[in-house]
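Let me begin by presenting the structure, written as structure tokens, before commenting on it.
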Amino acid sequence: MSNAISRREFNKRAAAVAAAFGLSNFDIPELFPTVHAASEPVKWAMIGTGTRALDLLRPLSTNTGGQCVALCDIYPPNLERAAKTIGGSPTHYDDYRKVLERKDVEAVMIVTPLDRHAFMTLDALSAGKHVFCEKTMVFKEQEIAALREAVAAHPKQVFQVGLQRRYSEIYHMGMQMIRRGALGRVTHCYAHWNRNSDWRRPVADAKLERLINWRMYKEYSGGLMAELGSHQMDIAGWAFQADPRSVIGTGGIDYWKDGREVYDNVSVIFEYPEGQKAVFTSMLNNQHYEFGEHLCGDGGTMELTLAGPSGTGTFWVEPKAKATAAAGKAKEQWWAGATVSASATQKGMPIFPDEIGEDMPFMDRERAFGRRWLAQRGWYEVTEPKNPVGTQFEHFFMCIREGKHPLSDINVGASDAEAVVYANQAMDENRRVFWPKYRDQKG
Ligand SMILES: NC(=O)c1ccc[n+]([C@@H]2O[C@H](COP(=O)([O-])OP(=O)(O)OC[C@H]3O[C@@H](n4cnc5c(N)ncnc54)[C@H](O)[C@@H]3O)[C@@H](O)[C@H]2O)c1
């Protein structure tokens, strides 16, 4: 076939790219911890058992590192649905404080609307519990400081935020490629998250509107920035290894004029200390480009996404820029280096979650070669070998049992929450918002 490449040819190309960037060996952090048979399962409770809870309860139902002993929700249908999903015989509560009073509950998962995260987490830490808190960690500036203080005051308790990309193998490989220089100087992150839906949930009784559709109201919700953008600004910060300096943005209720208070159309630009930019756009009337992050540097581009049933990562090598005016050329020739010709555009290389080692059993190597070859031709979608949503709980339980520190810790959660809070301020107040340490310098 004309566009087929032989394994030898593919390996030659892949090896050349890998060698050029020092990418032959990947040492992903221990994302899949060993279960220590001697450890008792962590006894945990979930507070808030709505839609997200179901996504969490499915992998939790087979996780032997923990045991669900209690579920809590103020809306009985959700509580019942969650109980069916997790199985076993957890006790049901409608008051989270009663859960916290139980001495046998070691850890709580907080999966309630955003405005409830802060006070529930503070109470849980005071009650001596380990806490997993869904993203966005909190949505008010003063709550970020309060949580930082509380987590610091309880150093033996694990506090983890539900930013699951921190537990994705593909994202870890992507970040490792960045650290090793594959993208060169990383200057931009373009993130988008689009949907074709009004984002509403059906409400049988009008009295329940604000409980069920809390996302629509500013009293409880940070809108698209908190619900979707928070995941992606976490990736920008991880890639740049910095917090932004400032943010500008514009948001509107432009399509779904149905009484909602949060924007359905958001465009935001974050500026980082060395001039890097992270752009986040989100709309609710077109899902053609569903979601993902493009990270761009002078040496390459990477697209990472957990979209669809599988996560994917793709890497493109950036052709070298040609000489420019700065290199001493005549001024009228400056444009020669300003763009890169279409013919130089590279076909993206999939980022693989597995490596092919010489010491692998023969059949495993054959399978790995097959996967690479098919993926390279676009016939096969590289899948996450493990769902990061489940992996985050393996980590959570491991951190509790072994006294380890979580990957998505208070600092990750706080940086992410700041990005959400300040971006919403920028849009609401139509101004450029600076991060606290840059406020005096803004002039
Ligand atoms: N990490 C992710 O990818 C991801 C995805 C979706 C949602 N989330 C987050 O999960 C959280 C919950 O979102 P959701 O979509 O499940 O919302 P939801 O409305 O479906 O569920 C929230 C549940 O909390 C319950 N609740 C409200 N107040 C309560 C209280 N005082 N005590 C006990 N229960 C209470 C509600 O009755 C509801 O069942 C949000 O913070 C959201 O941002 C994260």
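The values are calculated or read from the model by the stated rules, or taken from the named source; none is laboratory data. None of these values were measured; they are calculated from a predicted model. No Cβ is skipped: glycine too gets one built from the backbone with ideal geometry, and neighbour counts run over all protein chains shown.
Brief remarks on what is shown
- As a summary of the residue check, Trp238 satisfies the conditions (1) aromatic (Phe, Trp, Tyr); (2) away from the ligand (no atom under 16 Å from the Cβ); (3) part of a helix (DSSP H, G or I) except for the one numbered (2).
- Residue in region 196-209 that is among the hydroxyl-bearing types (Ser, Thr, Tyr), within 16 Å of the ligand (Cβ to nearest atom) and touching a residue at least 12 places away in the same chain (Cβ under 8 Å) present: yes
- When Val262 is tested against (1) buried (at least 17 other Cβ atoms within 10 Å of the Cβ); (2) part of a strand (DSSP E or B), only condition (2) is not met.
- Residue-level analysis places Val247 among those that are at pLDDT 95 or above and either buried (at least 23 other Cβ atoms within 10 Å of the Cβ) or hydroxyl-bearing (Ser, Thr, Tyr) (or both).
- Residue in region 212-227 that is in contact with an Asp or Glu (Cβ under 6 Å, 6 or more places away or on another chain), touching a residue at least 40 places away in the same chain (Cβ under 8 Å), within 21 Å of Tyr171 (Cα to Cα) and not basic (Lys, Arg) present: no
- Test: residue in region 292-301 that is closer than 30 Å to Arg372 by Cα, crowded, with 22+ Cβ neighbours inside 10 Å and modelled with pLDDT under 95: yes
- Residues in region 97-123 that are without any contact (Cβ under 8 Å) to a residue 40 or more places away in the chain and under 28 Å from Asn213 (Cα atoms): 9 in all.
- Every residue from region 191-203 that is buried (at least 17 other Cβ atoms within 10 Å of the Cβ) and more than 14 Å from the chain's Cα centre (by Cα): Asn194, Arg195, Trp199
- Region 66-80, residues that are touching a residue at least 24 places away in the same chain (Cβ under 8 Å) and either near the ligand (Cβ under 9 Å from one of its atoms) or among the small types (Gly, Ala, Ser) (or both): Gly66, Ala70, Cys72, Asp73, Ile74, Tyr75, Asn78, Leu79
Residue-wise test of (1) assigned to a loop (DSSP other than H, G, I, E, B); (2) under 30 Å from Lys207 (Cα atoms); (3) modelled with pLDDT under 80.
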site: Phe10; (1), (2), (3): no, no, yes
site: Asn25; (1), (2), (3): yes, no, yes
site: Met46; (1), (2), (3): no, yes, no
site: Thr64; (1), (2), (3): yes, no, no
site: Val69; (1), (2), (3): no, no, no
site: Pro77; (1), (2), (3): no, yes, no
site: Lys84; (1), (2), (3): no, yes, no
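- Among the numbered conditions (1) in a loop (DSSP other than H, G, I, E, B); (2) within 15 Å of the ligand (Cβ to nearest atom); (3) acidic (Asp, Glu), the only one that Glu40 does not meet is (2).
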